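Colleague: Supplied in C-alpha cells, the structure appears directly below.
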Amino acid sequence: MIPFNKPYMTGNEIENISQAYLKKQLAGDGYFTNKCEYWLDRLTGTKKSLLTNSCTSALEIASILANIQKGDEIILPSFTFVSTANSFVIRGGKPVFVDIRKDTLNIDESLIEPAITDKTKAIIVVHYAGVACEMEKINSIAKKHNLLVIEDSAHGVCCYYKGLPLGSLGDFGCYSFHETKNLISGHGGALLINNSQYIDRAEIIRERGTNRKEFSEGKVDKYSWNDIGSSYMQGELVAAFLWAQLEAAKSINSKRIAIWNIYKEGFKGLEKKGVLRTPYVPTYCKHSGHIFYLILKDQKMRNSFISKMKEQSISCLFHYIPLHESSYAKKLNLDHNELPITKSISNRIVRLPLWLGIEDKLDYIITKAHEFIK
Ligand SMILES: *Cc1c(COP(=O)(O)O)cnc(C)c1O
C-alpha cells in the first residue's frame, strides 16, 4: 500500500534528543526550545514566537488573549479543521461561518464584512494548503471594524503572501508541527505574537497561568497564580526533535514542492479538458507543497475514485466535513447563510499522497488516476 502520509525524519532528531537528555532539560523552555523560537522569530519577523504542544493550543492561547467571552462572535470558514472553531467555542465564542473562494478554497474576503455584527470580536483565517488568504483586504476590514485577525497557519509554515511570511500578518499566527504536516515534532505547534502588548500575558497563559517565566529569569523569588491559563508548553525532548526539522526546513519544503509540481504537470491535460481542477496558487503566494488535491466532477466520482485507487494500493483521502454540517454544530444550533462552495468542494475534493520518498511512485499514481478519471 502506498500510504497517504509518511513522516519524514532527517536523522538528526535522535542526536538532539540525546543532547537534551544529557542536559537534563525536559519540561520545556530550554536550549532547543530557545533555538526553535529564535529560528521562528528570524523566519517571520514576529515580535515573539512561543512553542506550544500543538497548533490547537496556540489557537486556544490566542482565543484567551483575544478575550473571547460568552456570546462573542468569530468569523471563520466552515471548510477547515475542528480546532479552528473549537479553540474559540471552548471560551464561549460563537462561530459565524462564511463561504470560501472557488479558486484558493480560502475564506471569501468579500463575505466577511456582511457577516460582522456588534458582537464580532475576531476574524479567523485559514491559509488552506499554505496558500495565503487575501490578507490586505482582510486586515483592512479588521482595522475598520476594530477586530482582531488570527491566522490558523497550520499549513503555512515557510509560506508567503506578497513576500511576507504567513503567521506574521494578523495579530496572532498559529503553526502546527503535527506529524501530518511538513515540518514535524509529533505533536507540536507555535504561537506567533505580532503585537508586543500581548507577549507577557501569553507567556503566563502558556505556563498554566503562572509567572514561572519571571521566576526562572530571577525577576521574582516565587511564582504564583497570575491569570487563567493551561499547560500549553512544548516539552524539551519534542523541541529537540523539532530543531532537526527546522534546520532542514528549506530542503524538506523544496522536495515537497518538486513532488507537487510533478502532480500539477501530470494532471495538466485533464485540467485543460475541463475534467478536473488542480490547486490554484496566485502569483504573489508562495506555498510549501503541503497538499496536492484534485477537484472532481461530483461526489459519486470522487468516492469511486478513492475506492478504485485503494484497489490499486494507493491511499487517497478527502477532507473536511464542513464544520457547519457536523453533529456538534447542529447541537450548537448556529444560524448561518448557505455555504454552497464549501459544500460543493468538500464533496468533490480528493487529496493525493505526498511525502518525501514517494518520488519513484508518482508515475504509477498519476497513470492509475488517469485510468479512473474520464
Ligand atoms: C492540523 C491542523 C490544525 C491542528 O493542529 P494540531 O497541531 O494538531 O493541533 C488546526 N488547523 C488546521 C487547518 C490544521 O490543518
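Throughout, read-outs are computed from the coordinates displayed, never taken from laboratory work. No experiment lies behind these values; they were computed from the predicted model shown. No Cβ is skipped: glycine too gets one built from the backbone with ideal geometry, and neighbour counts run over all protein chains shown.
Colleague: Please sort by residue number the trypsin sites (Lys or Arg not before Pro) in segment 256-325 whose DSSP state is loop and whose Cβ has at most 12 other Cβ atoms within 10 Å.
Modeller: LYS273
Colleague: Then there's this: Between ASN34 and THR117, what is 0.36 nm times their sequence separation minus the Cα-Cα distance? Round to one decimal in nm.
Modeller: 25.8 nm
Colleague: Just for the Cα atoms in segment 249-373, what are the lengths along the principal axes, largest first, rounded to whole Å?
Modeller: The Cα atoms of segment 249-373 stretch 48, 34, 27 Å along the principal axes, largest first.
Colleague: Add +1 for every Lys or Arg and -1 for every Asp or Glu among the other residues with Cβ under 10 Å from the Cβ of TYR293, and state the total.
Modeller: Working: positive: ARG277, ARG348, ARG351; negative: none.
Result for the local shell: +3.
Colleague: State the antiparallel share, in %, of DSSP beta bridges confined to segment 13-247, rounding to the nearest 5. Don't skip to the end; give the middle numbers.
Modeller: Working: 16 of 33 bridges.
For segment 13-247, the DSSP antiparallel bridge percentage is about 50.
Colleague: Send over the Kirkwood Rh of segment 13-247, from the inverse of the averaged 1/r over different Cα pairs, rounded to one decimal Å.
Modeller: For segment 13-247, the Kirkwood estimate is 17.9 Å.
Colleague: Right, next: Can you order the peptides 332-345, 84-97, 33-46 by their average number of other Cβ atoms within 10 Å per residue, highest first?
Modeller: The packing order, highest mean first, is 84-97, 33-46, 332-345.
Colleague: Which of the trypsin sites (Lys or Arg not before Pro) across segment 137-174 are loop residues per DSSP, with 11 or fewer other Cβ within 10 Å?
Modeller: Here no trypsin sites (Lys or Arg not before Pro) fit, given the DSSP loop and packing criteria.
Colleague: Can you pull the percent of Cα pairs in segment 134-287 with separation above 27 Å?
Modeller: Working: 4878 of 11781 pairs.
In whole percent, the share of Cα-Cα pairs in segment 134-287 beyond 27 Å is 41.
Colleague: Then there's this: With axes computed from alpha carbons, what is the tilt in degrees of helix 362-372 against the longest principal axis of the chain, rounded to the nearest 10 within 0 to 90?
Modeller: Helix 362-372 sits at roughly 50 degrees to that axis.
Colleague: Relative to the longest principal axis of the chain, what angle (0 to 90°, nearest 10) does the C-alpha long axis of helix 299-311 take?
Modeller: Between helix and principal axis, roughly 90 degrees.
Colleague: Of LEU164, LEU65, LEU296, LEU26, how do they rank once you tally other Cβ atoms within 10 Å and put the fewest first?
Modeller: Ranked by crowding around the Cβ, least crowded first: LEU26, LEU164, LEU65, LEU296.
Colleague: How far, in degrees from 0 to 90, does helix 55-65 lean away from the longest principal axis of the Cα atoms of the chain, to the nearest 10?
Modeller: So the helix axis and the longest Cα principal axis differ by about 50 degrees.
Colleague: Still on this structure, I have one more. Based solely on its DSSP helices, what 222 nm [θ] is calculated for the chain when runs of n ≥ 4 H residues each add -39,500 (n - 2.57) and the sum is averaged over all residues, nearest 500 deg cm²/dmol?
Modeller: When only DSSP H runs of four or more count, the value is -11500 deg cm²/dmol.
Colleague: Can I ask one more? With a cut-off of at most 12 other beta carbons within 10 Å, and DSSP calling the residue loop, which GluC sites (Glu not before Pro) in segment 162-256 qualify? Please list them.
Modeller: Working: sites: GLU179, GLU203, GLU207, GLU214, GLU217, GLU236, GLU247; in loops: GLU179, GLU217.
Counting only loop positions with at most 12 other Cβ atoms within 10 Å, the GluC sites (Glu not before Pro) in segment 162-256 are GLU217.
Colleague: Okay, moving on. In debye, nearest 20, what is the charge dipole magnitude of segment 249-373 about its Cα centre with +1 on Lys and Arg Cβ and -1 on Asp and Glu Cβ, if you could check?
Modeller: 80
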